[in-house]
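One structure below.
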Amino acid sequence: MTGYIIRRIVGALFVLLMLSFIVFMLVNAVPGNTLTRILNQSPQGVNLTPAQIEQYEIDLGLDKPVLERYGNWLWDAVNGDLGKSFATSLPVWGEIQDRLPRSIQLVIMATLISSLLAVPIGVFSAIRQGGAGDYISRIFAILGLAVPNFFLAVLVVTFAAAWLNVSLSTIDPPYIWDGVAHNLEGLIAPSLVLSASLMATVMRMQRSTVLEVVNEDYVRTARAKGLAERAIIMRHVIRNSLIPVITIFANQFAFLISGAVIVEFIFRIDGIGALAVRAIRQVDFTLVLGISLVVGFGVVFINILVDLSYAWLDPRIRYS
Amino acid sequence: MSTATEAADPIALDLRGDSPRWWVTWRRHARNKPLGAIGAAFIFVLIVAAIFGQDINIGGSTIIPGFSPHPASETNIINKLAAPTFPEHIAGTDSLGRDLFSRIIYGARPAIVIGIVATGLGILGGMVIGMISAYAGGVTDLLLQRISDAFQALPPLLLMMTLVTVLTPSMTTVILVIVIFLIPGTQRVVRGTVFSTLENTYIEAARTIGAGPGRIITRHILPNIMAPILVIASVTIGGTILAEAALSFLGLGANSAENPTWGFILFEATQRGNLDRWPWLALTPGAAITLIVLAFNLLGDALRDVLDPRLRGTGAGA
C-alpha cells in the first residue's frame with residue numbers, strides 16, 4: 001500500500017509540473033508583447049515613454065528569456081510565493097486564499113447534494129426498472145444533462161428572485177464561520193444549480209451499475225440462500241455498485257469547478273471562479289497562472305484520494 | 001405509405017418492394033428507439049435551419065432566399081421587448097426590437113458548425129494520438145499520457161477561456177480550443193480500445209505473416225474501433241455545443257453580428273434588467289440550447305445501444 005501511495009504522489013507531482021509548464025508557456029505565447037497587452041488594459045498605460053516601459057519590463061522580469069522566467073516563477077511557487085497580480089499588484093496567493101473557502105464550500109455542498117439525492121434515486125430507479133418512478137427520474141436525468149448550468153442559474157436568479165421576492169444575485173455570502181445562516185442563505189441556491197448536471201450523471205451511472213451488479217453470480221447466490229431482498233440490495237448490490245460511481249465523482253470534479261466558474265459569475269459570489277473570469281478578462285497572467293496551479297493541485301489531489309479510496313474499497317486493486 | 005401495412009413486418013414490406021431499403025432500416029430503428037428518432041428528427045430540422053435559414057449568396061446574388069422571417073440584426077426600436085405574438089414574432093423581440101425567432105435561426109449555423117466540426121476534429125486528433133500512444137508504448141506512451149493528465153487537471157472552462165483570450169475570440173479559435181479540450185479524453189478511450197484489440201490472436205497472426213504497423217492499423221485496428229468512436233462522437237457533440245454556448249455566454253465565443261450565438265443571446269438577455277417582465281428573452285435561447293443538446297444526447301444514447309452495448313451507461317461524454 002505504501003509503495004502504491006508513493007507511486008501515485010510522484011506521478012501527481014510530475015503532472016503538476018507539466019501543467020504549470022503548459023500554462024506558463026500558453027500565457028507567454030501571446031502574439032505581441034505581453035507588456036503591451038497589459039498596459040492597453042490600464043488607463044495610464046497609453047502615455048508611457050519607452051524608458052518607462054523598459055522600466056516596467058525590468059520590474060516584472062519580462063526582459064529575461066522565457067525558460068529562465070519559468071524557472072524563477074516555479075522556484076517562487078514551490079516556496080509559497082505565486083507572485084503579484086499584474087492588475088492589482090496584490091499578492092496572487094492572498095487573492096486566491098481570500099476566495100478559496102467559499103468556492104470549496106460551494107463544490108462540497110454540490111457534491112453532497114448530488115450524492116445524497118442521486119445515489120438513492122439511481123438505486124431505486126434500477127430495482128424498480130421500467131416503473132413510473134424509473135421513467136420520471138430518467139427523464140429528469142436526461143434533462144439535467146442537457147440544460148446548461150448558466151441557463152439554470154439565470155432562471156433561478158431571475159424567477160426565484162421575482163416570485164419569492166428575494167434578491168439572490170446580490171448576496172455576497174460571508175464565510176461559514178462568520179455566520180452559518182447568512183452563509184447558507186447565499187450558497188444554497190448556487191450549489192443546487194451547480195449540483196444539477198452532476199446529479200444527472202451520478203444517477204445514470206448508479207442506475208446502470210446496479211443493473212449490472214444485480215446480474216452477478218454472488219447476488220444469485222445470496223438469493224438462493226434465501227437472504228431477504230432488502231439485505232441483498234443493502235449489503236451486496238449497493239456496496240459493489242459504488243466503485244464506478246466514485247470514479248464519476250473524480251472525473252466530474254474538474255467539470256464541477258468549470259460549473260462553479262459560471263455559477264459564481266451569475267450569482268455574483270466572490271470566489272475562485274469569479275476571480276478567474278476577472279483575471280482572464282483583464283489579461284492578468286500571474287493571477288491566471290496562480291489560479292490554474294491551485295485548481296490543478298486540487299484536481300490532482302482529489303484524484304489521488306479517489307484512487308486510494310478505491311484501493312480501500314476493493315483490496316484487489318492494491319496489488320495490481 | 002398506407003396505414004394498413006404500417007404494423008406489418010418491415011422486412012416483409014421490403015421484400016414486397018414498396019419502400020426503399022434505407023427507409024425500412026430507418027423505420028425499424030425509429031420504432032425500437034423512439035427517443036433517438038425524435039432526437040434525430042430535431043437535429044435534421046436544425047441542420048435545415050442552419051443551411052436554409054438565411055439567404056444563400058453566390059457571387060453577390062441571392063441564389064436561395066432564407067426562410068427566416070427577419071434578418072438577425074434587423075432592429076425595430078418601436079417594437080422593442082414585444083411579447084410573443086403569432087405569426088409576426090413567435091418568440092417576441094429583444095430590447096432593440098430584433099425578432100428573437102430569427103436570431104435563433106441564425107444562431108443555428110454556428111451551433112451546428114462548431115458541434116460537428118470541432119467534435120470531428122477533436123475525435124480525429126484523439127484517434128491519432130491514442131493510436132500512436134498505444135502502438136509506440138514505452139516512453140512515448142508515458143509522456144503523452146502525463147501531458148494529457150496535465151490538460152485534464154485543468155477545469156475545461158478555465159482552459160478554454162485562457163486559450164480563447166490568448167488567441168482572441170473567433171469561430172476558428174473556438175473550434176481549435178474545443179478540439180484541444182476534446183483530445184485528452186478521446187485519446188484515452190482510443191488508447192484503451194487499441195490495447196485490448198492488440199491482444200487478439202488475429203493481430204498476432206497478421207504480424208506472423210509479415211504485416212507492417214500501417215497495415216495492422218488500417219486493416220485490423222481501425223475497423224474494430226470505429227463503433228466506439230462513432231458512439232463517442234455522437235455523445236460528444238452535445239457537450240461541444242454546451243461548451244461553445246458557455247464561452248459565448250462569457251463573451252468569449254463565436255458570436256458575430258451576422259450570426260449571433262445562442263449563448264450570447266442569453267447573455268444579452270441577462271444584461272437587461274427586470275428579466276422576469278420579459279422572460280422570453282432568456283427562455284428562447286435557453287430552450288434552444290437545451291433542446292439541441294437534448295436531441296444529440298438522445299441520438300447518442302440510441303446509437304450507443306445499437307452499436308456498442310458495452311458502453312451503455314458509462315457516461316462517456318456526459
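The values are calculated or read from the model by the stated rules, or taken from the named source; none is laboratory data. Keep in mind that this is a model prediction, so the values were computed, not measured. Quick reminder, even Gly has a Cβ in these numbers, built from the backbone with ideal geometry, and neighbours come from all protein chains shown. Accessible surface is based on the protein model in full, side chains and every heavy atom, while ligands, DNA and RNA are left aside. Shrake-Rupley method; radii C 1.70, N 1.55, O 1.52, S 1.80 Å.
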Which condition breaks for B:LEU230 when tested against (1) touching a Phe, Trp or Tyr at 6+ places or on another chain (Cβ under 7 Å); (2) farther than 30 Å from B:PRO84 by Cβ; (3) not charged (D, E, K, R)?
-> (1)
Out of the residues in the range A:81-110 that are without any contact (Cβ under 8 Å) to a residue 40 or more places away in the chain and within 19 Å of A:LEU192 (Cβ to Cβ), state the one that is surrounded by the fewest Cβ atoms within 10 Å (Cβ to Cβ).
-> A:ILE108
Being open to solvent by 50 Å² or more (accessible area, probe 1.4 Å), modelled with pLDDT under 75 and not in a helix (DSSP H, G or I) is the filter here, so list the residues in the range A:164-193 that pass it.
-> A:ASN165, A:VAL166, A:SER167, A:THR170, A:ASP172
What are the residues in the range A:290-320 that are open to solvent by 10 Å² or more (accessible area, probe 1.4 Å) and modelled with pLDDT of 80 or more, if any?
-> A:LEU293, A:VAL294, A:VAL295, A:PHE297, A:GLY298, A:VAL300, A:PHE301, A:ILE302, A:ASN303, A:ILE304, A:LEU305, A:VAL306
Scan the range A:1-23 and report the pairs whose first residue is facing chain B (nearest Cβ under 9 Å) and open to solvent by 60 Å² or more (accessible area, probe 1.4 Å) and whose second residue is of a type outside the set (Asp, Glu) and assigned to a helix (DSSP H, G or I), with Cβ atoms within less than 6 Å and a gap of 6+ or a chain change.
-> A:PHE14/B:ARG146
Can you give me the number of residues within the range B:77-118 that are among the acidic types (Asp, Glu) and crowded, with 22+ Cβ neighbours inside 10 Å?
-> 2
How do the helices (runs of 4 or more DSSP H) wholly within the range A:203-317 filter down when requiring 1 or more residues that are within 13 Å of another protein chain (Cβ to nearest Cβ): which remain?
-> A:239-267, A:272-281, A:285-313
Can you name the helices (runs of 4 or more DSSP H) wholly within the range A:65-163 that have at least 1 residues being within 11 Å of another protein chain (Cβ to nearest Cβ)?
-> A:92-127, A:132-146, A:149-155
Among B:PRO155, B:PRO184, which is the only one that is at pLDDT 90 or above, of a type outside the set (Gly, Ala, Ser) and touching a Ser or Thr at 6+ places or on another chain (Cβ under 8 Å)?
-> B:PRO184
In the range B:235-288, what residues are surrounded by 21 or more Cβ atoms within 10 Å (Cβ to Cβ), in a helix (DSSP H, G or I) and of a type in the set (Ser, Thr, Tyr)?
-> B:THR236, B:THR240, B:SER248, B:THR284
Residue within the range A:267-288 that is open to solvent by less than 20 Å² (accessible area, probe 1.4 Å) and more than 23 Å from A:THR88 (Cα to Cα) present = yes
How many residues, within the range B:140-169, are away from chain A (no Cβ under 13 Å) and either open to solvent by 50 Å² or more (accessible area, probe 1.4 Å) or outside any helix (DSSP H, G or I) (or both)?
-> 1
Of the residues that sit in the range A:244-259 and are more than 18 Å from A:ILE127 (Cα to Cα) and among the β-branched types (Val, Ile, Thr), which one is surrounded by the fewest Cβ atoms within 10 Å (Cβ to Cβ)?
-> A:THR247
